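First up is the structure itself, then whatever we jot down about it.
The values are calculated or read from the model by the stated rules, or taken from the named source; none is laboratory data. Every value quoted in this text rests on a predicted model; they were computed, and no experiment measured them. Cβ sites come from the backbone with ideal geometry, for glycine too, and all protein chains shown count toward neighbours. Heads up: the accessible areas ignore ligands, DNA and RNA and are worked out on the full protein's heavy atoms, side chains in. Shrake-Rupley method; radii C 1.70, N 1.55, O 1.52, S 1.80 Å.
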Amino acid sequence: SDFAVAVTRADVVAVLVGKGLRVARADSCAVWLRSTDGAALEWVDGTNRPPDPVAPLSGPQPPARAAHGAEPVLQEDGSSARLFVQLTATETVLGVVEFGYPGADRVDADLRQLLRTVGRQAGQTLQRTALFEAEKSLRLRAQTQQSITAALAVPLDAQQIADAAARCLAAALDFDRILLALASDGPGDPHPVVGVASGFEPAVVDGWRRDPARLARALAWPAVDGSFDGGRPAGLVALPLRVGPTVLGALVLGRNAGA
């Protein structure tokens, strides 16, 4: 019933770490889910964070090895034991939940069968929530594009375009730092200028305005690809605004550290 009302991946993980731990009658729990590229398992929650939270599927870590099977895998380590249960949907392993016990004698055949069923239920729910989240993302993308198109439907100059686009992005997306830099229209001036800046330290923005060359270096202007490097703030990415080979500006989106 808890899985039935789960709508996000985090909901599924919370059920496993909470009620799943009690159902398994275990002392500890760790949930590992497939990475976005499918090449590794990533620890996402549990009673204790492991030293290495990423387990490549081709590597030797126990969660990764267990992901290649279809049945729960019990591993004994001295006086303790760990049971790895695959989270499966249509025979695809989407992750592994790891339960820890003081000894292997706590893990009988009935418990393994129960947890195998829990693993299938969790995997099927993960598959459903992934589809739901993808649909939600596509819907948000369409709504954002529509709002920006509507805002730009009237004649605007470059600064007004920057203001309108920034307002739409701030309202629609979960970003708290937005920078829209525009190519300078001055003759022979290769540097970008600040069009809109929100969420950045005022001193940093003032520095960009006083010294456009600093902003150009931060954006790797005019390429404007990859990570943003304006004083190395965390969690930012810079995207080029191009028409053909010509770079007209750059859009920087990000979240404050810890967000």
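Some points to look at:
- When the range 160-169 is filtered for residues that are at pLDDT below 80 and surrounded by fewer than 17 Cβ atoms within 10 Å (Cβ to Cβ), only ARG167 remains.
- Residues in the range 161-203 that are in a strand (DSSP E or B) and not basic (Lys, Arg): 13 in all.
Rundown of residues vs (1) without any contact (Cβ under 8 Å) to a residue 24 or more places away in the chain; (2) more than 17 Å from GLN127 (Cα to Cα), yes/no style:
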{"site": "VAL7", "(1), (2)": "no, no"}
{"site": "ASP27", "(1), (2)": "no, yes"}
{"site": "TRP32", "(1), (2)": "no, no"}
{"site": "THR36", "(1), (2)": "yes, no"}
{"site": "PRO50", "(1), (2)": "yes, yes"}
{"site": "PRO62", "(1), (2)": "no, yes"}
{"site": "ALA66", "(1), (2)": "no, yes"}
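- Filter pass, VAL73 being of a type in the set (Val, Ile, Thr) and open to solvent by 50 Å² or more (accessible area, probe 1.4 Å): no
- Residues in the range 33-59 that are open to solvent by less than 60 Å² (accessible area, probe 1.4 Å) and hydroxyl-bearing (Ser, Thr, Tyr): SER35 only.
- Among the residues of the range 170-186, those identified as open to solvent by 20 Å² or more (accessible area, probe 1.4 Å) and of a type outside the set (D, E, K, R) are ALA170, ALA171, ALA172, LEU173, PHE175, LEU182, ALA183, SER184, GLY186.
- The number of residues in the range 195-226 being modelled with pLDDT of 80 or more and either open to solvent by 50 Å² or more (accessible area, probe 1.4 Å) or on the phi > 0 side of the Ramachandran plot (or both) comes to 12.
- Looking at VAL154, VAL118, just one residue is among the aliphatic types (A, V, I, L, M) and not in a helix (DSSP H, G or I), and that residue is VAL154.
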